[in-house]
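A.B. asks: Have a look at this one.
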Amino acid sequence: MKIVHTEASGGWGGQEMRILSEAAGMIARGHEVTLVCPPDAAIFAAAPGYGVPVVPLPIGRKRLPNLLAFRRWLAERQRQIDIVNAHSSTDSWLAALACATMTDAPPLIRTRHLSTPVNTSPTTRWLYQGACRHVVVTGEAIRQQLVRDNGYDPASITSIPTGIDLARFVPRDRAAARRELGLDVGATYVGILATLRDWKGHTVLFDALDRLKDSHPSLRLLVVGDGPYRDRLDARLAAIGLAGRVDFVGHRKDAERWLNALDVFALPSWGDEGVSQALMQAMASELPIVTTPVGSLTEVIHDGETGLVVPPRDPDALAAAIIRLLRDRECAARLAAAARRLALERCGLDTMLDRMEALFRRFARPERA
């Protein structure tokens, strides 16, 4: 198949990583895949590293010239494209309007990565239930939300969580990982792997650490990731006097090595989550995990079975869960082992690619499927 992905977002996070990992996986299976995105987007710069061909087009805003630019590009190639997969709001609208104003346009699939509520306006309903042939979401809770709150046809939406590289994220010796990274072998590390955005819960984790700093002097926080909220997080740490206990290591292409150095993984998000890639990576790395019942996170972290689940924005509950995992190593090991088993069963990259490939074939042009 010849597949086109569109992405209007200029940022970098799990959504962009999924697009590129999925595209690279489809290319490896023999499909032709092209990404269309703004030239100043982070995904444009990252695409060559994944081996994904990328076309720069001004689709970052909902403007008539941007619609016309994308429509011209699509019209020149429409018979050579079997399916278009849009990912963010802006490019979904541009793709939908372009396809709606063309004869014999390629089928449009919309992937929705986040759990943010979708408005109930007639125009948005047209986008999801008329312009798009099908909607993909990254967690069953998001699918149920669209059916329940928006009244969308359940048959028009499929949940396909992001897959991770199970050969890359594996358990390794913790002390050896710390020595390789130059970390304190004798410290206790709680870690988070996430883009630095407010709703990922970094400040909640800071407040939990503040409650534990006196009783656990060796406890440190390892923050892997980068993003627009770094300055605010620095200010928050300075205000509570914890800057010396938190290590920011930025965005890392070797995230698996940093996960291997942790005692506990925490993702205390309070909004906008599918099934988090970072959460699945921590599961595959066989880490004890604390998270929140937000979006689709509890589709893989079952409280007391594959991790601990605490209320969002509750630093006291988060601190108590972290201490439980640090003190009860038998419980921590049991939860971590169960999380890894579930990751191996359900979270692999090939599982995602199999399901996306089948869905694309279902809706692609009949002569090419």
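The values are calculated or read from the model by the stated rules, or taken from the named source; none is laboratory data. Predicted, not measured: the structure shown is a model, and the values here were computed from it. Note that each Cβ is placed from the backbone with ideal geometry, even for glycine, and that neighbours are counted across all protein chains shown.
A.B. asks: Could you check, for the range 94-106, whether at least one of its residues is in contact with a His (Cβ under 9 Å, 6 or more places away or on another chain) and outside the structural domain of GLY295 (by TED's automatic domain parsing)?
C.D. replies: Taking every residue of the range 94-106 in turn, none turns out to be in contact with a His (Cβ under 9 Å, 6 or more places away or on another chain) and outside the structural domain of GLY295 (by TED's automatic domain parsing).
A.B. asks: Let me ask something else. Filter the range 77-102 down to the residues that are among the charged types (D, E, K, R) and at pLDDT 95 or above, then identify the one that is nearest to the chain's Cα centre (by Cα).
C.D. replies: ASP91
A.B. asks: For residues in the range 341-369 being more than 28 Å from GLN281 (Cα to Cα) and part of a loop (DSSP other than H, G, I, E, B), which is modelled with the lowest pLDDT? Even if it seems obvious, please write down each step before you answer.
C.D. replies: Going residue by residue through the range 341-369, those that are more than 28 Å from GLN281 (Cα to Cα) are 361-369.
Add one more test, that the residue is part of a loop (DSSP other than H, G, I, E, B), and what stays is 364-369.
On the way: ALA364: 95, ARG365: 79, PRO366: 75, GLU367: 60, ARG368: 53, ALA369: 50.
Of everything passing the filter in the range 341-369, ALA369 is modelled with the lowest pLDDT.
A.B. asks: Collect the residues in the range 218-235 that are over 22 Å from the mean Cα position of the chain (by Cα) and closer than 14 Å to ALA319 by Cα, keeping them in residue-number order.
C.D. replies: LEU219, ARG220
A.B. asks: Sticking with this structure for a sec: Identify, from the list ARG220, ARG313, ARG252, the residue that is at negative phi, surrounded by fewer than 23 Cβ atoms within 10 Å (Cβ to Cβ) and modelled with pLDDT of 95 or more.
C.D. replies: Exactly one residue qualifies, and that residue is ARG220.
A.B. asks: Pick out the one residue from TYR128, TYR152 that is over 15 Å from SER89 (Cβ atoms), hydroxyl-bearing (Ser, Thr, Tyr) and either surrounded by 13 or more Cβ atoms within 10 Å (Cβ to Cβ) or touching a helix residue (DSSP H, G or I) at 6+ places or on another chain (Cβ under 7 Å) (or both).
C.D. replies: TYR152
A.B. asks: State all residues of the range 281-312 that are under 16 Å from ARG172 (Cα atoms) and not in a loop (DSSP other than H, G, I, E, B); if no residue qualifies, say none.
C.D. replies: GLN281, ALA282, MET283, ALA284
A.B. asks: For the range 270-292, state whether one or more residues are more than 26 Å from ARG178 (Cβ to Cβ), surrounded by fewer than 22 Cβ atoms within 10 Å (Cβ to Cβ) and without any contact (Cβ under 8 Å) to a residue 24 or more places away in the chain.
C.D. replies: Taking every residue of the range 270-292 in turn, none turns out to be more than 26 Å from ARG178 (Cβ to Cβ), surrounded by fewer than 22 Cβ atoms within 10 Å (Cβ to Cβ) and without any contact (Cβ under 8 Å) to a residue 24 or more places away in the chain.
A.B. asks: In the range 80-183, which helices (runs of 4 or more DSSP H) lie fully inside it and hold 2 or more residues that are among the small types (Gly, Ala, Ser)?
C.D. replies: Because the criterion is at least 2 residues that are among the small types (Gly, Ala, Ser), the helices (runs of 4 or more DSSP H) in the range 80-183 that meet it are 89-100, 174-181.
A.B. asks: Follow-up question, since we're still on this one. Does SER115 meet the test of being surrounded by 15 or more Cβ atoms within 10 Å (Cβ to Cβ) and either of a type in the set (Ser, Thr, Tyr) or touching an Asp or Glu at 6+ places or on another chain (Cβ under 9 Å) (or both)?
C.D. replies: yes
A.B. asks: Let me spell it out: the conditions are (1) under 14 Å from VAL170 (Cβ atoms); (2) within 17 Å of the chain's Cα centre (by Cα), and ARG257 meets all of them except one. Which number is the exception?
C.D. replies: Checking ARG257 against (1) under 14 Å from VAL170 (Cβ atoms); (2) within 17 Å of the chain's Cα centre (by Cα), the one that fails is (2).
A.B. asks: Would you confirm, using the coordinates I've provided, whether LEU205 is within 25 Å of ARG327 (Cα to Cα) and out of contact with any Cys (no Cβ under 7 Å at 6 or more places or on another chain)?
C.D. replies: Spelling it out, LEU205 is indeed within 25 Å of ARG327 (Cα to Cα) and out of contact with any Cys (no Cβ under 7 Å at 6 or more places or on another chain).
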